[in-house]
Structure formats: structure tokens, C-alpha cells
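A.B. asks: Input: one structure, supplied below.
The values are calculated or read from the model by the stated rules, or taken from the named source; none is laboratory data. Small disclaimer: the values here were computed from a predicted structure and weren't measured. Because the Cβ atoms are built from the backbone with ideal geometry, glycine has one as well, and the counts that use them run over all protein chains shown.
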Protein chains: 4
Amino acid sequence: MDTRRLEAFSDGVLAVAITLLVFQVELPPLPPGHLAHALFHLWPSYASYVVSFAIVGIIWVNHHAMFDRVAVVDRTLLFLNLALLMGVAFLPFPTAVLAGHVHKGGADSHVAAAVYSATMAGIGLTFLLLWRHLAATPGLLVDGFGADQARAAFRRTVPGPVIYGASIGLAYLSALACLVLYAGMAVYFILPGREAREVPAPAAP
Amino acid sequence: MDTRRLEAFSDGVLAVAITLLVFQVELPPLPPGHLAHALFHLWPSYASYVVSFAIVGIIWVNHHAMFDRVAVVDRTLLFLNLALLMGVAFLPFPTAVLAGHVHKGGADSHVAAAVYSATMAGIGLTFLLLWRHLAATPGLLVDGFGADQARAAFRRTVPGPVIYGASIGLAYLSALACLVLYAGMAVYFILPGREAREVPAPAAP
Amino acid sequence: MDTRRLEAFSDGVLAVAITLLVFQVELPPLPPGHLAHALFHLWPSYASYVVSFAIVGIIWVNHHAMFDRVAVVDRTLLFLNLALLMGVAFLPFPTAVLAGHVHKGGADSHVAAAVYSATMAGIGLTFLLLWRHLAATPGLLVDGFGADQARAAFRRTVPGPVIYGASIGLAYLSALACLVLYAGMAVYFILPGREAREVPAPAAP
Amino acid sequence: MDTRRLEAFSDGVLAVAITLLVFQVELPPLPPGHLAHALFHLWPSYASYVVSFAIVGIIWVNHHAMFDRVAVVDRTLLFLNLALLMGVAFLPFPTAVLAGHVHKGGADSHVAAAVYSATMAGIGLTFLLLWRHLAATPGLLVDGFGADQARAAFRRTVPGPVIYGASIGLAYLSALACLVLYAGMAVYFILPGREAREVPAPAAP
């Protein structure tokens, strides 16, 4: 299977997943005259929407940065990529859980943030496994991008799942702090000048 | 990253977002024999569907008109485009809010129309930022379309967010007037002969 | 705008719309031990799913048959195509209405079938308008397919919206008869050997 | 119609269907403090998500393996492919039914697993019909892949629907055993080294 087709299917899944994120933004049944108030109290849904949208957008950018370096797709790459997509397509669920509980404090908010962190750590892990497989199978890479560079990409990808994994612990201190951390990591990745830095994004290439 | 891939992903998000608009058209639970009546009372949902569908369609047309002039995608363009998609993918929510309240009059209808107007103004603003970046970075443009033309496109894009921003004020007079305004702007853009006019569409290129 | 891009976006909308049809197939809350019974009583949902899926599939086939004959897209074609997509993307709603009422008999079933018929007639009408525009603007057509052939395609498209329009009347006799008619039209179109016949499908090319 | 377009549309439907699978993972309304407990009790939803995601992923791989051998699309192939897509796009429903009942034991769990098995057997059957048509119409195949090879692909596809069909019987012994069987078949197909085996996957090429 050539790269083009795998990328087209992956783009499709990412485009659908990113667009479905809005469905967790939902008004409860309201008595007349309470719309403004209810819209205001949906802020955790807006924040979760923006953060998850940015993260899936970054994943899309990193996914392309990876597959621009791939010339041939083997069976392992194919199914590791499906595992990555399985994680991203699952994201609307932890996003909804986070949006529904982050502002409530207490045990439920901690659990919600931990679930979100764990999902992101899992997605980051599939990126790690993808780079490891590419580093170990340089015959899959395009000319001019060798095993050394794939290993370097692997190392640059490590901080992502590590930070997200560590944020499972942070979740038990404060769910809001987790949300701020996710947003900060996305902003850090998106800001211009990033190319010159080492970036602890979920899946920096 | 080349233009083709960014456009394919954007087309995917726009195609999903436009097709999800129908989900706000929903019947409440009904006693037998009330279907005709209930379908008739869904007119705000039909109107919101048609208006939002036309607007996303116009955004798709304008998005292509812009990226047909782009030869190279830089990091800023990439993330400004993601911001645009974040706005459009959010549209099903204000569409549902508008559909649920525009006909009720009173404070809730004003709030609903203001939220819709603000979302559209935000989307228009991302178009403005995209053209400003292209005008300031002419190296991204295709041959034969220079900074001057990008600045002209920027100026033609200004009325969109301005009108939508002003309609936030109109929302506090009448939500229905806002709906008529949105529809009127879409029709004005769609009507043949538009090329010869200056068009205050959300994101006229 | 070139044909390729319009087709890619249309394919996206059609693929999303056809896949969303399954969401009207839904179990009500059930007491334990009633699943088999409840699944059996969902037959109107299965039937509506199959019929709408087949119809959108046929629309996709006809859409390609049309745009394979188009070399250049003008503004009118662009927005007539958006009107067609607006109709198809709306189809999950009348499909759900039909599935929810076709088996109940009485006024509600008649209304539900009439709404479905009217939507299909509207979609068929946009196909008619597209062929009429192509017949009137032969400069848009590919070499070897002229105005005469576009007019012939227009004439072959007439029976679709006419039959669906007439089925609005049939709806007031029997909703089930309408469902059988829709299914029969789809089967008639799909059956091998169809090329040799004149086909009253919603949008036969 | 050329293969490219049919594949693009099929990829779109498969990408949407696979991404919609997450919607059956849903929390019921909860009293405060019960989130961790409720998330734990959603395990049948997670398991069904993973199994259905893997199966649709495998179907996507097999679909490409088939159409890489197809040079020309005829009308029969077109509509058999639509039947295959109709089955896959329906999968979110039996997945939700399975997730909602597999852990409950009793008649409902048996029915749920039987419905899932029957859907998968149906999808496998469309793969069989596709290969049979290709074997009978070798003019559709690419050079270097003849009727003999299509017949071999047909024979390798037989175990899939047969095993799924047989699992309808297993469903009446234990729904959980069915879930384990589905997962095992997916793992067996995905594991490296599979090329060297005969694989009873739903639609092994």
C-alpha cells in the first residue's frame, strides 16, 4: 500500500473526529430567560472544544510531517497507524467527560482529567511506536531521511507521552491545572519559532 | 506542507460540518396526530439549516478562491487556517441555539442571535487574518498574484466581519431581523453578477 | 473552479450524509428481556435506512455521470450543486420522520411519507435545473458531449421528480405504498440492464 | 467509472463510519462522585469500540487489496460495493446493541451478539459476491491478476462469513465468547506473519 492512500484515509478520520468534537457542546433543557446564563456556564465545554481541536490539529500536522518521510508502508506501520487513529477517534469521549466535570471539583473532576490525560498519553505512545518502527526499518523511509533522523524524531517525541502520563498525577491535584497544561502545550507547539525549540508536544516529529 | 493537502483536510472538515447541520432539525416527542403541526413549528430549524448551509458553502467557495492563490504554506498560515476551521466546525452549535430560540422573542432570542453573529464575526476575522498574513508574506503567493492583490482581497473581506459584528447590536433589537440579514447576505453573494460588485460576505475573496 | 475539486467536496458531503443515515436506527429504553421484540419492531427503521442508502448511492452515481460530462464549473453550476447537496444532506431528517411513523397508519404516516416524497422531489428538481443549465451553457461541457445530449439527459431526468411529486398524493392514501414505491424505483435503477431502458429514477442522467 | 473515484467514496464512507463508532460510548446521568465507577462499568462499550474499529480497519485494508486488482468498474461491481458500504455504515448500530447488552447475560445478550454476528456475516457475504463477480468477469481485473487469482481470493474469503455465520449459533451459548471470538479474529489478521497463513478474517483478500 502506498503512502498516499494511507494519508487520505487518516486525513478523513482526523477531519471527521475534529468536526465531531462540537457535539459535546450542548445546552441542557432550560426555562425561558435563562439562555445567557446557561451559555456562560458552558465554558468548560468551550475550553475543552478549543483544546481538543488544537490537539487534533497538531496531531494532523505531525502525522503529515511523519508520513512525508515515509516512502513505503508495511503491515506493521499500517496497523500502528490504525492504533493512532483509534486513539484520536476516541477523543470526543474523554473531551465530553472532561467538559462535564472539570469545573465541578472533587473526585469526579480528578477522574475526568486523568482519563483525558491517559487518552493523550496513549495517542502519544502510538506516535512513539511509529517512529521506533521507522527507525528500526529504514527501508521504509524516503531518500535523504535515514535511521539516524528517525531516531532523533523518536527522541523528540518522547516528552509528549511522558508529560501527558505525568499529568495523570496532576489530575489528582487539580483538573483545572490539567486543562491549563493541555492548553499551554498546544500554544507552545503552535507559536511561531517553534521549529528552533525542542517541543514536548504529544507527538512532535 | 503543500497547498493540496491543506485544502483536502479543510474540504473534509467543511464537508463534515455542513452535513452535520441537519442534526439540529429534530422533532420533540409527540402525541399521535400532531406530526403535521410539529413539522410546521420546526420552521426556525429549517431556516437556520438553509442559512448555515449556504454560509458554509460560501466559505468553502471563498476558501478555495484564497488557496488557489497560495503556492506555499507556512506555519502561520497553517494555524490560521486551523482557527478558521475551528470556527466553522463550531457552527452547528450556534445554529442549534438560533433554531431553538429565534422564534420565541424576548431575551433568549436576542442572546441566540448575538451568539450566532459573534461566531460569524469570528470566522470572518480569521479570513481577514489569513489575507493580512498573505499580503505581508507575498513569497507564499502564486506567480501573477502579488501583495497588492492580496491587500485588495483583504479590503474586500473587511465588510463581512464588520457587518456580522454590527449584527450583534441588531440582535438586541430583533433576532428575526438578524436571520433575515444573514439570509440576505448569503443571497447577495450567491446571485449571479456578484463578481462585478463589492460583496460584504463573511469572507469575500 | 475546476470539476475535480467540486466533485471531491460533493463526494465528501454524500459520503457523510449516507453514513449518518444509521443514526435514526435507535432502540428506545427497554425492560430486560425485550431486546429481540424491540429489534423486530424497528423494521421501519431498517427499511428506511436501506431505501435512503440506496437512493443516496444512486444520486452519487448520477452525480458522477453528470460531472464526467462537465469541463468547466461556472458560478451558477456551483450554487445549483450546493442546492443539490443541501437537499441530500437534509435527507437524514425525513428518513427519521418516515421511519418513526410509516408503520403507525393514520394522518401522521401520511404526513411523514409526504415529507419524504417532497424532499426527494426537491432533490430531483435540482438535478433538472443542473441539466437545464448545462444544456443552455454548452461551453461548460466536455468535448463530444453537446447541448443536444444535455437536453436528452434533462428529458431522462424529468420522470424522477415527477414521480416523487406524484407520490406526495399517494402518501395520503398509504405511507407504506410510498415506501414500496421508493424501494421499487431504487431497485429498477440498480438492476442490470438498466442502461437500455428509460429510467424514472430521481436523477437519472 | 474509474476505480479511483469509487475508492475515494468508499474511503470516505469507511472513514466516517469508523469515526462514528465512538458515539455508542456514553455515560448515563450520574449522581456526583460516581464517575470512576460509571467509567469502569462502560467496559463493554470500550471493548465493542476497539473490536469494531479494528474490524472496519481490516475491511479498509481488504477493500484496497481488492480494488488494487481492479482496472475497470462495471455496474454490478458498483452496486455490490454499495451493498458492502451499506453493511459497514450500519455497523455502529449492532456495535451499540452489543455494547449495551453483552455484559448482562440472558436472552438479551444472546440476541445482541447474534445481531452483531449476522451483520458481520452479511458484510463478509458482500466481499464474497464481489470476488465472485471479479472471478467471473476477468476483463475488470488489472494485467497480471487473472480469473484464477480472483478465484483463489474468493476461496480465501469464504472462512470469514462462514465463521461469523457460525458465531450466530455461539451467540446463544455466550455473548462474551462471541466478543472474544471477534477480537481473536481481528488479532489473528493483524498479527505480523499473517501473509503466510490462510486467514479466516471477515473479508481476507
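A.B. asks: Count, please, the residues in the stretch C:151-179 that happen to be of a type in the set (Val, Ile, Thr), surrounded by fewer than 20 Cβ atoms within 10 Å (Cβ to Cβ) and farther than 19 Å from residue C:61 by Cα. Quick ask: steps written out before the conclusion?
C.D. replies: Within the stretch C:151-179, the subset of a type in the set (Val, Ile, Thr) is C:157-158, C:162-163, C:168.
Narrowing further to those that are surrounded by fewer than 20 Cβ atoms within 10 Å (Cβ to Cβ): C:158, C:162, C:168.
Now drop any that are not farther than 19 Å from residue C:61 by Cα, which leaves C:162, C:168.
Qualifying residue count, the stretch C:151-179: 2.
A.B. asks: I'd like the full set of residues that are facing chain A (nearest Cβ under 7 Å), small (Gly, Ala, Ser) and under 24 Å from residue B:56 (Cβ atoms), limited to the stretch B:101-122.
C.D. replies: The one that is facing chain A (nearest Cβ under 7 Å), small (Gly, Ala, Ser) and under 24 Å from residue B:56 (Cβ atoms): B:112.
A.B. asks: Kindly check whether there is at least one residue in the stretch D:68-75 that is of a type in the set (Val, Ile, Thr), over 25 Å from residue D:17 (Cα atoms) and at pLDDT below 95.
C.D. replies: Here is the first cut: in the stretch D:68-75, the residues of a type in the set (Val, Ile, Thr) are D:70, D:72-73.
Subset that is over 25 Å from residue D:17 (Cα atoms): D:72.
Narrowing further to those that are at pLDDT below 95: D:72.
Within the stretch D:68-75, one or more residues are of a type in the set (Val, Ile, Thr), over 25 Å from residue D:17 (Cα atoms) and at pLDDT below 95.
A.B. asks: Here's something else I'd like to know. Would you mind finding the one in D:144, D:160 that is at pLDDT below 95, assigned to a loop (DSSP other than H, G, I, E, B) and farther than 24 Å from residue D:24 by Cα?
C.D. replies: On the way: D:160 fails: assigned to a loop (DSSP other than H, G, I, E, B).
Exactly one of D:144, D:160 is at pLDDT below 95, assigned to a loop (DSSP other than H, G, I, E, B) and farther than 24 Å from residue D:24 by Cα, namely D:144.
A.B. asks: Moving on. Mind checking which residues of the stretch C:73-92 are facing chain B (nearest Cβ under 7 Å) and among the charged types (D, E, K, R)?
C.D. replies: Taking the stretch C:73-92 first, the residues facing chain B (nearest Cβ under 7 Å) are C:75-76, C:78-79, C:82, C:86, C:89-90, C:92.
Correct list: C:75 only.
A.B. asks: Here are some conditions: (1) without any contact (Cβ under 8 Å) to a residue 12 or more places away in the chain; (2) within 30 Å of residue B:147 (Cβ to Cβ). Residue B:120 meets all but one. Which one does it not meet?
C.D. replies: Failed condition: (1).
A.B. asks: Please determine whether any residue of the stretch A:83-98 is touching a Pro at 6+ places or on another chain (Cβ under 9 Å) and at pLDDT 95 or above. Steps first, please.
C.D. replies: Keep residues of the stretch A:83-98 that are touching a Pro at 6+ places or on another chain (Cβ under 9 Å), which gives A:98.
Imposing the further condition that a residue be at pLDDT 95 or above reduces the set to A:98.
Among the residues of the stretch A:83-98, at least one is touching a Pro at 6+ places or on another chain (Cβ under 9 Å) and at pLDDT 95 or above, which makes the answer yes.
A.B. asks: Would you be able to tell me the number of residues in the stretch B:42-51 that are buried (at least 16 other Cβ atoms within 10 Å of the Cβ) and within 10 Å of chain C (Cβ to nearest Cβ)? It would help to see each step written out before you state the result.
C.D. replies: From the stretch B:42-51, those buried (at least 16 other Cβ atoms within 10 Å of the Cβ) are B:42, B:44-45, B:47-51; that's our starting set.
Next, only the ones that are within 10 Å of chain C (Cβ to nearest Cβ) stay: B:42, B:45, B:49-50.
Result for the stretch B:42-51: 4.
A.B. asks: Can you go through D:96, D:54 and tell me which one is in contact with a helix residue (DSSP H, G or I) (Cβ under 8 Å, 6 or more places away or on another chain), small (Gly, Ala, Ser), crowded, with 20+ Cβ neighbours inside 10 Å and closer than 20 Å to residue A:119 by Cα?
C.D. replies: Working: D:96 fails: closer than 20 Å to residue A:119 by Cα.
Result of the check over D:96, D:54: D:54.
A.B. asks: OK, next. Restricting to the stretch B:5-41, what's the tally of residues that are touching a helix residue (DSSP H, G or I) at 6+ places or on another chain (Cβ under 8 Å) and either among the hydrophobic types (A, V, I, L, M, F, W, C) or more than 9 Å from chain C (Cβ to nearest Cβ) (or both)?
C.D. replies: Within the stretch B:5-41, the first condition is being touching a helix residue (DSSP H, G or I) at 6+ places or on another chain (Cβ under 8 Å), and the residues that meet it are B:5-28, B:30, B:32-36, B:39.
Retained after the next criterion (residues that are either among the hydrophobic types (A, V, I, L, M, F, W, C) or more than 9 Å from chain C (Cβ to nearest Cβ) (or both)): B:5-6, B:8-10, B:13-18, B:20-25, B:27-28, B:30, B:35-36, B:39.
Residues in the stretch B:5-41 being touching a helix residue (DSSP H, G or I) at 6+ places or on another chain (Cβ under 8 Å) and either among the hydrophobic types (A, V, I, L, M, F, W, C) or more than 9 Å from chain C (Cβ to nearest Cβ) (or both): 23 in total.
A.B. asks: Here's a follow-up. When you scan the stretch A:40-56, do you find a residue that is out of contact with any strand residue (DSSP E or B) (no Cβ under 7 Å at 6 or more places or on another chain) and farther than 17 Å from residue A:24 by Cα, even just one? Lay out the reasoning, then the answer.
C.D. replies: First pass over the stretch A:40-56, keeping only residues out of contact with any strand residue (DSSP E or B) (no Cβ under 7 Å at 6 or more places or on another chain): A:40-56.
Now restrict to residues that are farther than 17 Å from residue A:24 by Cα: none.
Checking the stretch A:40-56: not a single residue is out of contact with any strand residue (DSSP E or B) (no Cβ under 7 Å at 6 or more places or on another chain) and farther than 17 Å from residue A:24 by Cα.
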